[in-house]
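Taken together, the values in this text are just the output of simple stated rules run on the coordinates, not laboratory data. These numbers were taken from a predicted model, which means no experiment stands behind them. For neighbour counting, all protein chains shown are included, and Cβ atoms are generated from backbone atoms with ideal geometry for every residue, glycine included.
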Amino acid sequence: MLLYDVIKRKRDGLELPGTEVAEVIHSYVRGEIPDYQMAALLMAIYFRGFSTAELAAP
């Protein structure tokens, strides 16, 4: 998984699979994703929102 692609898809308004959301969170907690990339993803989420399926990630 390339976080750049995840950010781009969310920025473009696409829904992220719940498993991918969980993988991003776990990778960030393990220190594998830099803060600036997580900030970019959070900004995309802020502007595009999260669906119910994305919020219910495993």
Task: Derived scalar couplings ³J(HN,Hα) [the range 30-47; Karplus, 6.51 cos²θ - 1.76 cosθ + 1.60; whole Hz; x for Gly, Pro] - done: 7, x, 8, 10, x, 4, 5, 6, 5, 4, 5, 5, 4, 5, 4, 5, 4, 7
Open item on the list: What do you get for trypsin sites (Lys or Arg not before Pro) in the range 3-58 restricted to DSSP loop and a cutoff of at most 16 other Cβ within 10 Å of the site's Cβ?
Closed with: Arg30
Task: Inter-centroid distance (Cα atoms) of the range 1-16 relative to the range 22-47, Å - done: 11 Å
TODO: Can you tell me the relative contact order of the chain? Whole percent, Cα pairs under 8 Å, sequence separation 6 or more.
DONE: 53 percent
Task: Under 14 Å, Cβ to Cβ, from Asp12 - net charge with Lys/Arg +1 and Asp/Glu -1 - done: +3
TODO: Could you list the GluC sites (Glu not before Pro) in the range 1-51 that lie in coil according to DSSP, counting only those with at most 16 other Cβ atoms within 10 Å of their Cβ?
DONE: Glu15, Glu32
